[in-house]
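Visitor: Can you keep this structure in mind? I'll have questions shortly.
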Amino acid sequence: MTYKRKKYHRGDTHLQRRWRTSNRTKDLDQINQDLKEENVEKLLNQEVDADKPGKAQFYCLHCARYFINDQALNEHFKTKVHKRRMKALETEPYSIEESERAAGLGSFVTAKKRKIETQKPIVEEAKRVKIDEDIESD
């Protein structure tokens, strides 16, 4: 006895390719660049952008995600996804020196652990006032 359902997934490789890349986020080395002091200020204090969720005012540095409000961002800080990302960011990123040591130029040095702390939860009123001011000025 054959089932009709067997033939549904034949020839959907073009769809599989799209599924694989649609939810792509920043890699750890890109997030490591964002964690530098000069970039942190820019990312946490972005200008109002109506195309991004929450008008780009609620951003998680470690996960490179925008949220619709401060409550959603603060809830995100408690999730497994965020904690897993924080754990992954503890090890120092792969560097050119490390690749040279792997190729035989130098001696092996283990990757160092660093202390990564979650950004401070957003105070609700301060952000809300800023958004209201920006809306009124438009």
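The values are calculated or read from the model by the stated rules, or taken from the named source; none is laboratory data. Quick caveat, the model's predicted, so the values are computed rather than measured. Methodologically, a virtual Cβ is constructed for each residue, glycine included, from the backbone with ideal geometry; neighbour enumeration extends over all protein chains shown. Only protein heavy atoms, including side chains, enter the accessible area calculation; ligands, DNA and RNA are left aside. Shrake-Rupley method; radii C 1.70, N 1.55, O 1.52, S 1.80 Å.
Visitor: Can you list residues from other chains, or at least 5 along the same chain, whose modelled amide H is less than 5 Å from the amide H of Arg65?
Guide: Cys60
Visitor: For a paramagnetic label modelled at 7 Å from the Cα of Lys78 toward its Cβ, which residues of region 55-72 fall within the zone defined by backbone nitrogen distances under 17 Å?
Guide: 68-72
Visitor: Volume per residue, Å³, of the convex hull around the alpha-carbon atoms of region 25-103?
Guide: 104
Visitor: In the full protein assembly as shown, how much of Leu15 is accessible to a 1.4 Å probe, in Å² to the nearest 10?
Guide: 50
Visitor: If you don't mind, there's one more thing I want to ask. So how do Tyr66, Tyr94 rank on accessible area, 1.4 Å probe, biggest first, that is with the largest at the start?
Guide: Tyr94, Tyr66
Visitor: From the phi of every residue in region 23-39, what ³J(HN,Hα) in whole Hz does the Karplus formula 6.51 cos²θ - 1.76 cosθ + 1.60 yield, where θ is phi - 60° and glycine or proline is x?
Guide: Rounded to whole hertz, the list is 9, 6, 10, 5, 7, 4, 5, 5, 5, 4, 5, 5, 7, 5, 3, 5, 8.
Visitor: Which whole-number value in Å² is the accessible area per residue of region 25-103, probe 1.4 Å?
Guide: Heavy-atom accessible area per residue stands at 64 Å².
Visitor: Sticking with this one: At 1.4 Å probe size, put Arg85, Arg17 in order of accessible surface, largest to smallest.
Guide: Ranked from most to least accessible, the order is Arg17, Arg85.
Visitor: Which loop-located GluC sites (Glu not before Pro) does region 26-66 contain, where loop means any DSSP state but H, G, I, E or B and the Cβ has at most 12 other Cβ atoms within 10 Å? Don't skip to the answer; put the middle values down first.
Guide: Working: sites: Glu37, Glu38, Glu41, Glu47; in loops: Glu47.
Within region 26-66, the qualifying GluC sites (Glu not before Pro) (loop, at most 12 other Cβ atoms within 10 Å) are Glu47.
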